[in-house]
Every structure is written in structure tokens, then in C-alpha cells.
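Take a look at the structure below.
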Amino acid sequence: MTTAFGRLGAALILAFSAILVLAGALSSEGLYLIDELIYAIGVEAFRTSQSFEVQNGFKAFGSEDLRIWLLAKGPNGFTPQYPPGTAIAGAGLTWLFGSKALIALNVCAGVGTLWVTHAVARRLFQSADIANLSVILLTICTFWAEYVFAHWPHAVTVFLVNLAFLLFLNVIDRKEYVFGSAFLSGIAIGVCMFFRLDGLLLLPVITIVTILYARIPIVTLSAGAAGFLPVAALLALINKTKFDTWNPLSYGTSSGGSSDVTAYLPLLSVGIIIAGCLVLLRLYRGTRKIDPRIVVGVLGLGVLLSSVSVPAMNKLVTGINAILIDATTISDWREGVRPQANGTLIFWGVPKKALAQSLPWLGCLALLLGMKWGGRQRSVSIILIFFVVWALPFIMRNWHGGLSPNMRYLLPTLPVLGILAAWIIQTLEQKCFFRKPRLMLGLSAFLTACILLLLFPGQIALLHQIATVYLFVIIAVLLALAGFFLNSVTAAVSLFVMGIGLGASSFLAIDDIQATQNRREVTAQRSNDADMITGPVVIYGSPESFASAFSDPQKLVALPHVVTGKIDTEFVYAACQAGYRVLVASWMVENISQSNSDLRLLEMRTPAPDTLSHQIDCLQ
């Protein structure tokens with residue numbers, strides 16, 4: 001192990017792995033939002049019945065109020081809309097880790113990601129120093145670690161996507177012994193889709209890179225397809241039992257989300273055109289003589305083709321701004337998204353950040369505009385292809401991922417972005433006049449993080465959403481100038497401001513982890529309190545706050561209609577006749593009073609735990 005990773009690299013990865021394991025053990029088991037609840041009850045359903053069907057009293061009462069958002073209707077009842085991998089893996093781990101089974105799964109994936117990131121960096125840049133620095137950047141200076149201590153499987157996706165990418169990179173320079181690694185890469189992508197369908201986005205990345213750079217592209221793609229297709233077929237078979245469809249990309253039909261493949265057909269068409277152009281380019285230029293500027297031009301043409309109309313071009317521009325630069329420009333008219341007088345935009349109480357707001361140091365990529373890439377054209381191009389292809393669907397649809405403090409859908413790109421930043425840092429260090437430029441970089445990052453943590457405790461929206469944009473722009477402008485006029489002075493200035501950006505990102509990551517853990521503690525306490533409520537009872541409240549109720553047949557969790565806000569009065573009366581109490585959370589009381597004037601809400605003299613403040617009068 002130390003031979004491949006080096007003693008320092010192995011020690012670094014082992015140290016960070018130990019920290020992740022310890023932090024995972026100490027993290028809260030509470031659920032952050034309803035998405036995680038759906039994953040959790042899917043695990044419980046598969047553990048207890050070896051099926052994906054969720055009960056929650058629907059067979060007894062037949063009310064849509066019992067169909068929690070993000071549950072899809074299948075031929076056998078309600079089932080989680082998400083792919084089956086989390087339920088299967090979580091059920092297998094529950095006997096050992098209990099309610100933290102999915103956190104344990106993510107921690108294991110997080111540890112694996114550290115090793116894979118180091119290996120990808122070595123493969124692309126043949127430098128142990130860049131590999132070591134990329135692991136540090138990923139762990140300390142991005143928001144990736146927040147999802148290692150979570151229930152939803154984003155950390156698993158990051159691991160599997162980058163593992164598949166590594167396996168693929170291992171074969172692009174080979175003329176023989178290609179099949180095995182490419183085959184395993186295809187399997188890894190297929191397995192990734194068992195956890196999150198966006199793992200499919202790695203396929204066009206690999207296709208483009210194969211066409212451009214692989215020694216034997218046809219064998220490489222064929223081997224990858226041979227590994228991927230059987231796993232995709234298995235996913236289609238499971239979806240047939242869950243949703244009664246052979247579509248492996250289906251989310252079924254739920255009340256809170258769906259997967260409409262037709263919405264991506266224009267992007268697919270553009271992708272086919274790009275692939276055709278790249279094939280012609282490959283045939284004309286050969287394997288290693290392709291100018292990266294031509295590649296960028298072809299990809300740029302593809303982006304333009306995907307936005308040939310004025311509305312589509314507007315989507316592209318607004319999507320780049322909203323998803324990559326400034327989340328306050330996001331257009332989301334849902335009730336929980338509220339603009340503030342100071343120019344910030346709060347998402348269900350959270351100051352959500354675009355990618356550059358979370359990672360102001362990404363401004364360092366502007367250095368590439370004027371700097372010579374010094375024989376690293378292919379490696380840099382591969383990373384940029386990965387990022388652009390992965391981010392483009394979310395940019396074009398302007399989809400920010402709902403409740404989360406950052407752009408969680410772009411998580412799989414963080415390892416390669418960190419690798420690219422590590423190479424930029426090393427390049428600047430070679431030009432810097434300081435004897436120990438890495439020390440200056442580290443000190444500026446450390447002091448920035450410490451000062452921000454001391455002066456700004458808690459998630460301050462102005463700092464998260466406004467100040468970070470200015471910092472990103474400053475870093476981008478200074479490093480763009482340094483790229484055209486690179487010398488010992490501009491390199492030193494660039495490293496200094498990059499250090500400030502890295503420190504700010506560390507502060508934001510810590511701040512977000514603290515905020516999400518606090519929210520998890522609240523929902524964990526509410527769920528524990530729900531155990532004290534005696535059944536039979538129907539609970540109208542945030543489902544993630546009453547997760548324990550789903551494992552008790554005497555307790556049912558319900559939600560009003562997702563659009564009208566009304567509750568099913570026939571269900572309420574039927575539940576009352578069956579001996580159920582019907583409790584309502586305080587935040588629903590006003591809306592239910594307006595939407596269901598025929599129901600009488602009684603304030604409870606001895607309120608049920610926390611948010612359950614009213615009971616529907618069953619004697620009216």
C-alpha cells in the first residue's frame with residue numbers, strides 16, 4: 001500500500017479515514033429532511049419483509065394523505081421513488097449499526113473516496129504531492145464531508161463514480177489488457193445507479209474521453225458496455241416489480257418528484273452530435289495530437305447547440321449563474337424559498353450556496369485562461385470534460401436540489417476539481433519567490449478559517465451568499481491576470497488569495513456541518529419523543545420528525561395534499577371511528593383551519609411532544 005500511495009499519502013489517508021469514522025460514530029442519527037426519511041423507511045421495509053413496499057395504513061384506509069411525498073405508487077402498494085440500492089445495503093447493515101446503518105455506509109464510501117481520489121490524481125498528474133494535496137483539499141476545503149455523515153447516499157455516489165472513472169483512466173493508454181478494468185468500470189457505473197440515477201452522467205464523460213484519447217476506443221467502450229448493461233438490466237427488473245415499468249431510470253409516479261427521461265432528449269441529441277464531431281476529429285488528428293483548444297471548441301459548440309433558441313440560451317446563462325456562481329439568483333416560488341431585504345435568499349431557513357459560493361477558491365481555474373498548461377493538456381482537458389458534462393443537465397434545468405446548504409448534485413465532481421486545484425497550486429509554487437510557498441498558503445487558509453469561525457458563529461446569510469461571491473470574483477480576476485503575466489510576484493499573490501479562499505471554504509464547510517447536525521439533533525429528539533405517544537394515533541406533521549412511527553403499526557404519519565394543503569376529511573372520520581386520535585403539528589394548524597373549515601381543532605392542554613399542539617375533534 002505504501003509503495004503505491006507513498007508513506008506520507010498512506011498516513012494522510014489513514015488519518016483522515018480515522019477522523020471520518022470517529023465523526024460518523026459521534027454524528028446525530030436524526031434525519032435532515034423527508035428525502036432521508038424515504039431512504040430510511042425503504043431500509044426498514046426491505047429489512048422486515050424483503051420487499052420495497054411501505055405500509056403506513058394505506059391498505060386499511062386508502063387515503064392519499066398516507067402516501068408520504070416521494071413515495072411512488074406501484075402494483076403492490078407504496079414504494080420509495082429512489083433506486084433500490086440504499087434499501088438493500090442499509091438492510092444488510094442494520095443488524096450491526098442500527099439506525100446509523102446508512103451513515104455507516106456513507107462513511108465506508110467516504111474512506112474509499114479518499115483512496116480513489118489519491119489514485120486518480122496520481123494517474124492524471126503522476127505526482128504524489130498533487131495526490132496528497134488533492135486529498136487534503138477534498139476533505140477540509142469542500143462540503144463533501146457533510147454528506148459522509150448523512151443518510152442519503154450522495155457519498156456512495158461520489159465513491160462509485162470516481163472509482164469507475166479511475167478504472168477507466170487505467171486503460172486509456174493501453175493496447176492490451178483493456179477488457180478487465182473497463183468491464184469493472186461499467187459495473188461500477190451500473191452499481192452507482194442502484195443508489196442514485198445521476199451516476200449515469202459518467203457515461204458521456206467516459207465516451208468523450210475514450211473517443212479523444214483511448215488507444216483502442218472500440219474495445220474500451222465495448223468492455224464498459226458489457227459490464228454496465230447487465231447491471232442496468234437488473235435495475236430494470238427491480239423497477240418492474242416496484243413501479244410496473246421496465247425503465248431502469250424510472251422514479252415511478254410520486255407526489256413529490258419524478259424522473260422524466262424525455263426532458264433530457266434535447267441534451268441527448270446534442271451529445272450524439274458532439275460524439276460524431278469528436279469521432280471525426282479523432283480520425284483526422286490521431287490519438288495524442290489533439291489540441292485541447294479544439295476540444296474546448298467542440299464542447300462549446302455542443303453547449304451552444306443545446307441552447308439554440310433564445311429561451312434556451314437564457315436558461316444556460318441563468319443556470320450557470322444560479323448553480324455555479326450565485327444562488328440568490330435562483331427562481332423558486334415555493335413557500336419555503338424567501339428573499340430577504342439584504343439581498344440574500346433563504347431556502348427553508350438555510351442560506352443555500354452555489355458551487356463558487358461554497359468553494360470561492362474555484363476562482364483559481366481562471367489561471368488556465370492565460371497560463372501554458374505545460375504538457376498537462378490532456379489531464380486538464382479530461383477534468384474539464386468531466387465537470388462540464390456532469391454539470392450541464394443541472395445548469396440547463398436550473399435545478400438546485402431543494403433543501404441543502406450547497407449544490408449536492410455536483411458532489412461527484414469535487415474530487416477532480418480538487419485535483420485540478422492541487423496542480424494549479426503546485427504550478428504557482430514553482431514560480432513563487434517564497435522559499436516555502438506551501439507554508440504561506442497553509443497559514444493564510446488556517447488564519448482565514450480561524451478568524452471567520454471566531455467572528456461569525458452560525459450560518460450568517462450575508463457571509464455565505466454575498467461575501468463569498470465577491471471573494472470568488474477577486475480570486476478569479478487576480479489569477480486570470482496571473483495566468484497572462486505569470487512571474488514570482490503574481491504567483492505569490494495568487495497563492496495568498498487562494499489560501500484565503502481555501503480557508504473560507506473550510507469555514508463554510510464546518511458551518512454547514514454544524515447547522516445540519518443541529519437540525520438532525522432536533523429531528524432525532526422529536527422522533528424519540530414520538531415513541532412516548534400512545535397509539536392508535538394519526539400524526540399530521542413533518543415525517544422526518546416522526547421516523548420511529550413508521551415501525552409501529554399503531555402509528556400512522558400523514559400529510560395534507562401537496563398542492564391544495566387540504567387534509568382528507570373522510571380519512572379523518574374513518575380513523576376516528578377506528579379508535580385513532582388525530583394529532584396535528586403546530587405549523588399546520590393555520591393552513592388546515594383555512595383549508596378544512598369543517599374540522600374542529602382542539603388545542604391540547606397537555607401537548608404531545610414538541611410540534612404536535614392540536615388534536616382534531618372526533619366528536620363533532
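The values are calculated or read from the model by the stated rules, or taken from the named source; none is laboratory data. Given the structure is predicted, the values throughout are model-derived calculations rather than measurements. Quick reminder, even Gly has a Cβ in these numbers, built from the backbone with ideal geometry, and neighbours come from all protein chains shown. Quick note on the areas: whole protein, heavy atoms, side chains included, nothing else; ligands and nucleic acids left out. Shrake-Rupley method; radii C 1.70, N 1.55, O 1.52, S 1.80 Å.
Data for the structure
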item: For the stretch 388-525, size of Cβ-based charge dipole, Lys and Arg +1, Asp and Glu -1, in debye; result: 200
item: Accessible-area order (highest first, 1.4 angstrom probe) of the listed residues HIS151, HIS561; result: HIS561, HIS151
item: Within the stretch 409-498, trypsin sites (Lys or Arg not before Pro) in DSSP loop having at most 10 other beta-carbon neighbours inside 10 Å; result: ARG435
item: Beta bridges by DSSP in the chain, antiparallel share as percent, to the nearest 5; result: 65
item: Other-chain or far-sequence residues with amide H under 5 Å of ALA558's (modelled H); result: ILE539, TYR540, GLY541
item: Table column - 3J(HN,Hα) (Hz), the stretch 489-496, Karplus curve with 6.51, -1.76, 1.60, x for Gly and Pro; result: 6, 5, 5, 5, 4, 4, 5, 5
item: Accessible solvent surface per residue of the chain, calculated while the other protein chains remain in place, 1.4 angstrom probe, Å²; result: 42
item: Calculated FRET efficiency for the pair SER488/ILE451, C-beta based, R₀ 30 Å, to 0.05; result: 0.65
item: Hypothetical label at GLU570: residues of the stretch 33-70 whose amide nitrogen lies under 13 Å (7 Å Cα-Cβ projection); result: 61-65
item: Derived scalar couplings ³J(HN,Hα) [the stretch 543-552; Karplus, 6.51 cos²θ - 1.76 cosθ + 1.60; whole Hz; x for Gly, Pro]; result: x, 5, 7, 10, 4, 5, 5, 6, 9, 10
item: The stretch 112-171 versus the stretch 589-603: alpha-carbon centroid distance in Å; result: 51
item: Long-range HN-HN contacts of VAL54 with modeled amide H, under 5 Å; result: PHE78, THR79
item: Helix 34-49 vs. the chain, principal-axis angle (Cα, 0 to 90°, nearest 10); result: 70
item: Relative contact order (percent, whole number), the chain, Cα cutoff 8 Å, 6+ residue spacing; result: 16
item: Helix axis angle, 7-26 relative to the chain longest principal axis, alpha carbon, degrees; result: 10
item: Using θ = phi - 60° and Karplus 6.51 cos²θ - 1.76 cosθ + 1.60, couplings along the stretch 313-322 (whole Hz; Gly, Pro as x); result: 5, 4, 4, 4, 5, 5, x, 4, 5, 6
item: Label selected from (1) 51.5, 140; (2) 25.5, 82; (3) 55.0, 173, the criterion being Rg and Dmax of the Cα atoms in Å as computed here; result: (2)
item: DSSP-loop chymotrypsin sites (Phe, Trp or Tyr not before Pro) across the stretch 366-396, with at most 11 other Cβ within 10 angstrom; result: none
item: FRET efficiency, 1/(1 + (r/R0)^6) with R0 41 Å, evaluated for LYS372 and LYS175 via beta carbons; result: 0.85
item: Chymotrypsin sites (Phe, Trp or Tyr not before Pro) lying in DSSP loop within the stretch 401-464, provided at most 15 other Cβ fall within 10 Å; result: PHE433, PHE434
item: Accessible area of the stretch 354-461 belonging to carbon and sulfur atoms, whole % at 1.4 Å probe; result: 67
item: Listed residue pairs exceeding 32 Å between alpha carbons, taken from LYS100/LYS315; LYS100/LYS242; LYS353/LYS555; LYS240/LYS352; LYS352/LYS436; result: LYS100/LYS315; LYS353/LYS555; LYS240/LYS352; LYS352/LYS436
item: Magnitude of the charge dipole, the stretch 521-616, Cβ model with Lys/Arg +1 and Asp/Glu -1, debye to 20; result: 200
item: Contact order relative to length of the stretch 521-616, as percent, for alpha carbon pairs under 8 angstrom and 6 or more apart; result: 28
item: Solvent-accessible area, 1.4 Å probe, carbon plus sulfur percent, for the stretch 492-544; result: 57
